[in-house]
Amino acid sequence: MIPSKVKVAGIDYEVHEVDGILERFNTLGQINYHKGIIELDSSLCQTRKEQTFVHELLHACFKEAGYGEGDEEMIDRVSAVLYQVLKDNHICFGVHS
C-alpha cells in the first residue's frame, strides 16, 4: 500500500497519482522538495507504482539528510533492492494494537 502522506526528517510529503507524467517528462515519478509532493504516474501497474514510490522516497531521504538529490544510478539500484526486500519479507512498520 502506498501512503497518501509520508514524513521524512520531519518534512511532510504528500503522495499523488498523476496522469501523464511518463508522457510529459519521460519518467515514472517525480518529487518536488519545495512543495513537499511526490507524484507517481497513474498509468503504472501497482508493483511499478510501489517501486517508483520507494525510488522517490529515497530521493527525499537523501535530500533531507543533506546529500542533495543523490546520484540517479545509485538511487535506481538501491531503490529496486530496497523495494524487493521490503515486499518479499512483508516488512511494514506501523501502529500495532
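Bear in mind that the values in this text are calculations on the coordinates, not laboratory data. None of these values were measured; they are calculated from a predicted model. Virtual Cβ from ideal backbone geometry, glycine too; neighbours counted across all protein chains shown.
Annotation: amide H-H contacts under 5 Å for V8 (H modelled 1.01 Å from N, sequence separation of 5 or more, or interchain): Y13. Note on the chain: with a GNM built from Cα contacts shorter than 10 Å, the maximum mean-square fluctuation among V85, V15, V54 falls on V85.
Given region 1-46, what percent of its DSSP beta bridges are antiparallel, to the nearest 5?
Working: 8 of 13 bridges.
Percentage antiparallel, nearest 5: 60.
When shorter helices are ignored and each DSSP H run of at least 4 residues is given -39500 (n - 2.57), the per-residue value for the chain at 222 nm works out to -13500 deg cm²/dmol.
Rounded to the nearest 20 debye, the dipole magnitude of the chain is 280 debye, with +1 charges on Lys and Arg beta carbons, -1 on Asp and Glu beta carbons, and the Cα centre as origin. Placing +1 on each Lys and Arg Cβ and -1 on each Asp and Glu Cβ, with no other charges, gives region 1-54 a dipole about its Cα centre of roughly 160 debye. Going from the fewest other Cβ atoms within 10 Å to the most, the residues K87, K35 appear in the order K35, K87. Summarising the strand pairing of the chain, around 60 percent of its internal DSSP beta bridges are antiparallel.
Computed from the Kirkwood radius of its Cα pairs, the Stokes-Einstein diffusion coefficient for the chain at 10 °C and 1.306 mPa s stands at 115 µm²/s.
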